[in-house]
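Q: Dropping a structure here in structure tokens format, bear with me for questions.
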Amino acid sequence: MKCLLLALSLALVCGVQAIDVLEIMKHLDIQKLAGTWHSMAMAASTSSLLEVQSSSLRVFISALRPTLEGNLEIFLQAWEDNRCVEKRIFAEKTESLENFQINYLGENRLMFLDTDYDDHLFFCMENIAAPSQSLVCQYLARTLRVDEQVMERFSNAVKTLSVPMPIFLDVTRGGALPRPPGGEEAP
């Protein structure tokens with residue numbers, strides 16, 4: 001009986017947390033996302049998306065700039081041809097305030113999971129053609145200060161997604177080995 005009560009309590013807490021994440025995004029104000037951001041952590045559905053420095057979706061966001069039309073300009077760095085290159089991509093608005101469409105390495109959907117605008121931002125990019133095979137999420141911060149509570153909140157947010165996210169890259173630890181969300185680092 002105690003185990004049943006514990007399981008129900010945990011389910012309620014997780015359910016409330018998922019509702020809280022969705023509630024924030026119903027009222028996303030992209031104008032408040034403008035400015036400098038730093039990639040703090042990444043999670044992916046498959047190891048090929050993040051495990052090596054030159055992985056296609058292992059990108060580091062440096063700034064977001066909303067456009068007058070309601071789209072979003074994204075500035076990032078990626079590793080290509082043995083060097084870091086700066087890129088600028090555009091995310092086009094959709095009918096849903098928290099979703100944008102991106103043509104970067106194919107047709108992708110950008111989804112915002114959580115933000116407080118001043119400190120952190122969680123988002124995911126999903127390949128529309130193969131959603132369960134190519135999902136990458138990032139935790140961005142306004143400063144390079146590591147906030148373990150926000151890191152844990154990001155880990156919990158990706159656990160609520162319908163696609164398992166077994167690969168976790170903590171950028172704040174120097175790009176250490178991948179680890180599952182909420183788990184210990186790989187040996």
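Q: Give me the Kirkwood hydrodynamic radius of segment 29-172 in Å, from all C-alpha pairs, to one decimal place?
A: 15.2 Å
Q: Here is a further query. If you keep only loop residues by DSSP, which GluC sites (Glu not before Pro) in segment 90-170 have at most 16 other Cβ atoms within 10 Å of their Cβ?
A: Passing sites in segment 90-170 are Glu95.
Q: Near Lys32, which aspartates and glutamates are there with a Cα under 14 Å away, not counting those fewer than 8 places off in the same chain?
A: Answer for Lys32, where 14 Å is the Cα cut-off: Glu73, Glu98, Asp114, Asp116, Asp118, Asp119, listed by chain and number.
Q: Calculate, in whole percent, how much of the Cα-Cα pair population of segment 52-96 lies beyond 15 Å.
A: Percentage above 15 Å: 48.
Q: Which of the GluC sites (Glu not before Pro) across segment 29-83 are loop residues per DSSP, with 15 or fewer other Cβ within 10 Å?
A: Qualifying residues, ordered by number: Glu51, Glu69.
Read-outs throughout are calculated quantities, based only on the coordinates presented, and are distinct from any laboratory measurement. Values in this document were obtained by computation on a predicted structure and should not be read as measured data. When we count neighbours, we look across all protein chains shown, and the Cβ atoms used for this are built from the backbone with ideal geometry, even at glycine.
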